[in-house]
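The values are calculated or read from the model by the stated rules, or taken from the named source; none is laboratory data. Model, not experiment: these values are computed from the prediction. All Cβ positions, glycine included, derive from the backbone under ideal geometry; neighbour counts span all protein chains shown.
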Amino acid sequence: MTDPYVVIIPSRLASTRLPRKPLADIDGKTLIQRVFEQSLKATSQSFIATDSPLIYEHAKSFTDNIVMTSDKHISGTDRVFEAASILSLEKDQLIINLQGDEPFMPVDLINTLVYDYANNECDVGTVVTQCNKDELSNPNTVKVALSNTNKALYFSRSEIPNNLLLLSNFL
């Protein structure tokens, strides 16, 4: 592979908050197609990982970079791990887990994450941003408690006490 990292986009139909979300139409293109096209602006090594035959067949209309995964996964991270195994990626390959509902993810943000990963001693990184007060009680906003050295202590959809830094909807 020519790029220093791979993007894998986990995508499933079983969303409880918005059923069939990846296939939702956004101005003539589906959500998953928009996410995939945005990922290609960062790297040509982008893949969709799905357990859905419907998503798979739809994605075939715009790419061959699709991996069928098990429907037994409890998280997108598990789906990404299986896709990396199917793709025979090296154990030290940097993988960006780009959520399948982030069609407007800034490419600069992906590049910053890659740069920060390469220039720090860590195994995993995530994007963190301050959220506004209205998002504190919103269960759709994932929050993170950070240590003094910016290490994630835990993630939660519930409010986190003590006004710790909060993770926005980039997860």
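Among residues of the range 70-99 that are more than 19 Å from Val114 (Cβ to Cβ), those with a Cβ under 6 angstrom from a residue that is in a loop (DSSP other than H, G, I, E, B), sequence gap 6+ or separate chain, pair up as Asp71/Asp51; Arg79/Thr69; Arg79/His73; Glu82/Thr69. Restricting attention to the range 68-83, the residues being surrounded by 20 or more Cβ atoms within 10 Å (Cβ to Cβ) and aliphatic (A, V, I, L, M) number 2. When the range 131-145 is filtered for residues that are at pLDDT 80 or above and closer than 27 Å to Ile95 by Cβ, the ones remaining, listed by number, are Asn140, Thr141, Val142, Lys143, Val144, Ala145. When restricted to residues that are within 17 Å of Leu98 (Cα to Cα) and either at pLDDT 95 or above or β-branched (Val, Ile, Thr) (or both), the range 60-77 contains 8.
Scanning the range 107-125 for residues that are closer than 24 Å to Ile55 by Cβ and either modelled with pLDDT under 85 or surrounded by 14 or more Cβ atoms within 10 Å (Cβ to Cβ) (or both) turns up just one, Ile110.
Residue-wise test of (1) assigned to a helix (DSSP H, G or I); (2) in contact (Cβ under 8 Å) with a residue 60 or more places away in the chain; (3) more than 30 Å from Arg20 (Cβ to Cβ); (4) touching an Asp or Glu at 6+ places or on another chain (Cβ under 6 Å).
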{"position": "Asp108", "(1), (2), (3), (4)": "yes, no, yes, no"}
{"position": "Asn111", "(1), (2), (3), (4)": "yes, yes, yes, no"}
{"position": "Asp116", "(1), (2), (3), (4)": "yes, no, yes, no"}
{"position": "Asn120", "(1), (2), (3), (4)": "no, no, yes, no"}
{"position": "Gln130", "(1), (2), (3), (4)": "no, no, yes, no"}
{"position": "Thr141", "(1), (2), (3), (4)": "no, no, no, yes"}
{"position": "Asn148", "(1), (2), (3), (4)": "no, no, yes, no"}
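Yes or no, residue by residue, for (1) aliphatic (A, V, I, L, M); (2) in contact with a helix residue (DSSP H, G or I) (Cβ under 7 Å, 6 or more places away or on another chain); (3) within 26 Å of Arg157 (Cα to Cα); (4) assigned to a helix (DSSP H, G or I):
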| position | (1), (2), (3), (4) |
| --- | --- |
| Ser15 | no, yes, yes, no |
| Gln33 | no, no, no, yes |
| Glu37 | no, no, no, yes |
| Phe47 | no, yes, no, no |
| Tyr56 | no, no, no, yes |
| Asp64 | no, no, no, no |
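Can you pull out every residue in the range 42-58 that is exposed (fewer than 14 other Cβ atoms within 10 Å of the Cβ) and either of a type outside the set (A, V, I, L, M) or closer than 18 Å to Asn97 by Cβ (or both)? Matches in the range 42-58: Ser44, Pro53, Glu57.
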